[in-house]
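Report on the structure given below.
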Amino acid sequence: MNNAHPQTSPPAPATHDPAQDLANKRLAILIIALVGLLLAGGQTLANLATQGHAAFNTTNLGLFWGLPIVIYDYFLLTSTGLAMVASLAIVTGAEEFRPVLRRTVWLALAGLLGGVVVLMLELGHPLRALWAVPFSFAFSSPLYWKVMAVSFYVLSLLVLLYRLLRTHWTLQSLRPYALVALALALSVTAIAGVVYGSQSFRPFWASGDIPVAFIFESLLGGLAFIYFFSYLAYAFNPKWMPADLRHLFDTRLPTLLALAIFIHLLFVVARLGSGLYGNAEGLQVWQYLASSPLLYLELFVGLLLPLILLMLPQTRTYPAVQIVASLLVMNALLIARYEYIIGGQLVPLFKGAWAPDLINYVPSMTGWLLLLVAIFLSNAVNAFGELKLGLGSNEQ
Amino acid sequence: MAKWGMVIDLDKCTGCQACTTACTMENNRLPGEHWQDVLFYHEGTYPNVKLMWFPRPCMHCENPSCVSVCPTKATYKDPNGGFVLMDYNRCIGCKYCQVACPYGVRFYVDEKAVVQPDIRGAFPSDDGRQWDPPYKGPQDDPSRGIGIQPHGVVSKCTFCYHKVSKAPEGVADLDEDIPELKEYVPACVRVCPPKARFFGDLDQPESRVNRLIADQRGVRLKDETGNKPQVYYLSGGASASVPSLRSMAAAPAPEDAADTINEISDTASRSA
């Protein structure tokens, strides 16, 4: 009698597959983003359904554009900044940027989607805008040009992304597409500056250098986002990052980010100085801003601290420092966008019974929820790209 | 073609707000959101303080910044009369015209009501309009911003287009004292008790508005913006005047005012 038992293989030793771990973590990020989007979006829609546009806390007394427009412009300019970095790298043949090109272009689209969704929720007639703006041919309006430029900008990014996602590409072959994307990203950013800079009776906004300031601000945002979201793509574990990406993060990128912070700081300090010493009607808001801790948080914690950390040879290559620095810069830029857009409307157009002093504005809960909607939506789209599109691969 | 304009004599204006009330009735405005508002403010510092007021309609500018910034051409300059009007059917509610108007005379219809409780809740509309008040004018032309507004758009003063546009061709002045013309006079002009408002064709040199502007040195508000308003103000400085500054921060500091008072009292005592 053969009582031999069928031979069973011994249990395999537990293998630790880093690729699978990373995929799991990326899936977790996607799920968290989707759940966040569901919760924030659901509450936002509920608020809008019950309160209508009044949920945004804006008024007819002078504060017309509130936090939703701040969020929209923040995400739009971050998107153009990312596109500028990617296309500049391609145009100038900067091979060391190769590991982040796909991620940067995809992130530019994801960020733009977050911003545009917020804008659509703020507009009175978002669907009408889809046909009324392009077919109005309102050439005298900066907003008309902005919408048209954004439309073509999206197309250029999609073409560039399509080329990047193909198996074989070289920087040389991408150059024409990158040039178009660069021109359109610059146009969108500059026109966004003109929207505010052309308002001559609002001295806090009006300045010929605003479009240029916006371009440098965008570049700064783009660089900070590349840092943060590249780390996020590898679950903040530098050991999982490819060597060429780490090389970029330890050599050229800290220098570029520090330089961008420095240039942005120059613009901020120059505007602050001339604003505080200026006596034109409308510039009083600088005194108000200078008495608020938000400005100092932006200047010292959001800009100066990262600048120092990224300039010191001892700290600039530490992943934790790079993550914190990029996060601080991203927050500083949001504060800057808020102070610029809201600040330009705080001084009432007329003194009087309805508006005796600076206009009081406090962002509503719905406004903050919209920020979460934009963040979660952009993150969800970005995480999907990381999972399915191989954004970190470096194919030639 | 006429270019309608308004002259407001600030020496006659008593700040009674009959214009505001008439406009509210004519155009179904909400409490606190008046197309034709009278701003009240004070000049100086205690004890040398004056209560001032300033009537402020839409200026129906010749070169309106609200029109040039509109991305859909929803707000436009009507060549027949020079009205600045709104087309509710094209407005997307982006509010750039509000941002770009130096006079603050545009209103987004879905903001929180200035005066609570919100009267719109008591008279809800079932045809997509903002509300359905028990009394409303028969005129309804969404392409010119006339009638109860739909949701999600910006509204503004029409210079009572529905009345003025029906005036006989070639008339130089729309004066409520001329019986055959009074129905064409804008509501705010028609009811002004001290007759501080005049309405006429700025393109006709012999019109009363042009004579008033020439004889009494009519000025335009915030002319430095380049908008070229079609509303002119007359002011001899006796009572209300065109405010030169827009914020309270521009008022003299209390210590400066105190110094001035001390100087005056010193001079007076020396004279005595």
In terms of the charge dipole of chain A, which places +1 on Lys and Arg and -1 on Asp and Glu at the beta carbon, the residue among A:I308, A:H16, A:I31 farthest towards the positive end is A:H16
With Cα springs under 10 Å, the Gaussian network model of chain B assigns the largest mean-square fluctuation among B:G152, B:G104, B:G128 to B:G128
Put in order of increasing Cβ neighbours within 10 Å, starting from the fewest, B:V154, A:V194, B:V219, B:V115 give B:V115, B:V219, A:V194, B:V154
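What average number of partner chain Cβ atoms lie no more than 10 Å from the Cβ of the residues making up A:127-134?
Details: counts 1, 9, 6, 1, 3, 9, 6, 2.
Taking the mean over all residues of the peptide, I get 5.
When only DSSP loop residues count, what trypsin sites (Lys or Arg not before Pro) in region B:179-240 have their Cβ near at most 14 other Cβ atoms within 10 Å?
Numbers: sites: B:K182, B:R190, B:K195, B:R197, B:R208, B:R211, B:R217, B:R220, B:K222; in loops: B:K195, B:R217, B:R220, B:K222.
When the trypsin sites (Lys or Arg not before Pro) of region B:179-240 are filtered for loop state and at most 14 Cβ neighbours within 10 Å, B:K195, B:R217 remain.
What is the average number of partner chain Cβ atoms found within 10 Å of a Cβ in B:147-154? Each step should come with its number before you reach the end.
Values: counts 0, 0, 0, 2, 4, 7, 3, 3.
If you average over the peptide's residues, the count of other-chain Cβ atoms is 2.
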Mean per-residue count of partner chain Cβ within 10 Å for A:137-146 equals 5
Restricting to lysines and to Cα separations under 19 Å from A:K25, and discarding same-chain partners fewer than 8 apart, the set is A:K239, A:K388
Fewest to most Cβ atoms within 10 Å: B:Y135, B:Y108, A:Y361, A:Y162 sort as B:Y135, A:Y162, A:Y361, B:Y108
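Only Lys, Arg, Asp and Glu count, each charged at its Cβ (+1, +1, -1, -1), so figure out the dipole size of the protein assembly as shown about its Cα centre, rounded to 20 debye.
Details: 49 positive and 51 negative charges, 308 e Å.
For the protein assembly as shown, the charge dipole is close to 1480 debye.
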In degrees rounded to 10, the 0-90 angle between helix A:142-165 Cα long axis and the longest Cα principal axis of chain A is 10
Ranking B:P205, B:V115, B:C13 by how far each Cα lies towards the positive end of the charge dipole of region B:4-250 (+1 on Lys and Arg Cβ, -1 on Asp and Glu Cβ), the top one is B:V115
When the charge dipole of region A:23-171 is computed with +1 at the Cβ of Lys and Arg and -1 at the Cβ of Asp and Glu, the Cα pointing farthest to the positive end, of A:I71, A:G115, A:I90, is that of A:I90
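To the nearest 20 debye, what is the magnitude of the charge dipole of chain A about its Cα centre, counting +1 on the Cβ of each Lys and Arg and -1 on the Cβ of each Asp and Glu? Each step should come with its number before you reach the end.
Details: 19 positive and 16 negative charges, 102 e Å.
Roughly 480 debye for chain A.
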Listed residues A:A190, A:A235, A:A49; largest mean-square fluctuation, Gaussian network over chain A with Cα springs below 10 Å, found at A:A49
Chain A: Kirkwood hydrodynamic radius (Cα pairs, Å) comes out at 22.5
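Could you put A:V195, B:V84 in order, starting from the residue whose Cβ has the fewest other Cβ atoms within 10 Å?
Values: A:V195 22, B:V84 28.
So the ranking, lowest neighbour count to highest, is A:V195, B:V84.
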Candidates A:L371, A:L294, A:L34; GNM for chain A (alpha-carbon contacts under 10 Å) flags as most fluctuating A:L294
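Any idea what the dipole of region B:4-250 comes to, in debye rounded to 20, about its Cα centre with Lys/Arg Cβ at +1 and Asp/Glu Cβ at -1?
Values: 28 positive and 30 negative charges, 123 e Å.
Roughly 580 debye for region B:4-250.
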Excluding near-sequence neighbours (fewer than 8 apart on one chain), region B:4-250 holds lysine pairs with C-alpha atoms under 16 Å apart numbering 11
Scan of chain B for GluC sites (Glu not before Pro) in DSSP loops with at most 12 other beta-carbon atoms within 10 Å gives a longest site-free stretch of B:1-168
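As a check on your grasp of the helix formula, calculate [θ] at 222 nm for chain A: sum -39500 (n - 2.57) over DSSP H runs of n ≥ 4, divide by the residue count, round to the nearest 500.
Values: 14 runs with 269 residues, N = 396.
Counting only the DSSP helices, I get -23000 deg cm²/dmol.
Read-outs: derived from the displayed coordinates by stated rules, not from any lab. What you see is a predicted model, and the numbers here were worked out from it, not measured in a lab. Note: ideal-geometry Cβ built from the backbone for every residue, glycine included; neighbour counts use all protein chains shown.
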